[in-house]
1. Among the residues of the stretch 150-165, are any modelled with pLDDT of 95 or more, in a loop (DSSP other than H, G, I, E, B), of a type in the set (A, V, I, L, M) and at negative phi?
2. Would you be able to say whether some residue in the stretch 205-228 is part of a loop (DSSP other than H, G, I, E, B), surrounded by 14 or more Cβ atoms within 10 Å (Cβ to Cβ), of a type outside the set (A, V, I, L, M, F, W, C) and at pLDDT 95 or above?
3. Could you figure out which of (1) buried (at least 18 other Cβ atoms within 10 Å of the Cβ); (2) in contact (Cβ under 8 Å) with a residue 40 or more places away in the chain; (3) over 26 Å from Ser23 (Cβ atoms) isn't true of Gly54?
4. Take the stretch 88-111 and flag every residue that is among the charged types (D, E, K, R) and within 21 Å of Gln140 (Cα to Cα).
5. Can you give me the number of residues within the stretch 176-204 that are part of a loop (DSSP other than H, G, I, E, B), in contact (Cβ under 8 Å) with a residue 40 or more places away in the chain and surrounded by fewer than 21 Cβ atoms within 10 Å (Cβ to Cβ)?
6. Check the stretch 14-37 and report whether any residue there is exposed (fewer than 15 other Cβ atoms within 10 Å of the Cβ), at pLDDT 95 or above and more than 25 Å from Gln195 (Cα to Cα).
Amino acid sequence: MKVEIWSDVVCPWCYIGKRRFESALALFPHRDEVQVIWRSFELDPSAPAQAEGGLAGRLAAKYGVSLAEAQAMNDRVSGAARSAGLEYRLEQARPGNTLAAHRLLHLAARQGRQSELKEELMAGYFTRGAAIGDPADLRQLALNAGLVEADVDRVLSGSDHLEEVRADESEASELGISGVPFFVLDRRLGVSGAQPPEILLSALEQAWEASHPSPQLRAVGAPGEACQDDSCPI
């Protein structure tokens, strides 16, 4: 079964959703037969490579709320992250444009290291203060995830995998995806948001059953004499 997850590496609910999905997948009996693919989604394609100011201040300006209200929003999402086993340090977050990060994720997919890089990028941004739009920080995160150094340098110095990113984003639009995280299971079922593990597990089970239906026998002829339950003297 294929699970495609549209998300952005600076989306706090996407990292929480990742952890909740991993918890659900650990309980799924067919987890070894699930292929997870991370799809690109830029929350702010116009963001500068490295944004100025703290996250709370930028949040306040974006939504037209006070700094205290923005901080309360950050506190709420940090609490949700904590319940998922993550320790956000949003006061250290260094936001920026995520296009290069998404292009690296497509490189990582080709090298069989996409999940490792996704984790490294999110952990770097949300917990270690890595600048998500800085080539030097991205390079180190990619190397930490086990990507080939020469390929990483080529991607960061050029435009490799740009078409793949745009294709993911175009497909998201076609599917009606306007917010992330968004989980697409075998192109049969969609789950929006960082849902609790039990809901994600239920979705996995439903999608599996839809693509692997239990065999149903079709009876031929009239019912014959047979033993059933306790109807036979044995």
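1. no
2. No - not one qualifying residue is present in the stretch 205-228.
3. Result: Gly54 fails condition (2) only.
4. Hits for the stretch 88-111 are Arg89, Arg94, Arg103, Arg110.
5. 6
6. No, that holds for no residue.
The values are calculated or read from the model by the stated rules, or taken from the named source; none is laboratory data. What you see is a predicted model, and the numbers here were worked out from it, not measured in a lab. Note that we place each Cβ from the backbone using ideal geometry, even for glycine, and neighbour counts take in every protein chain shown.
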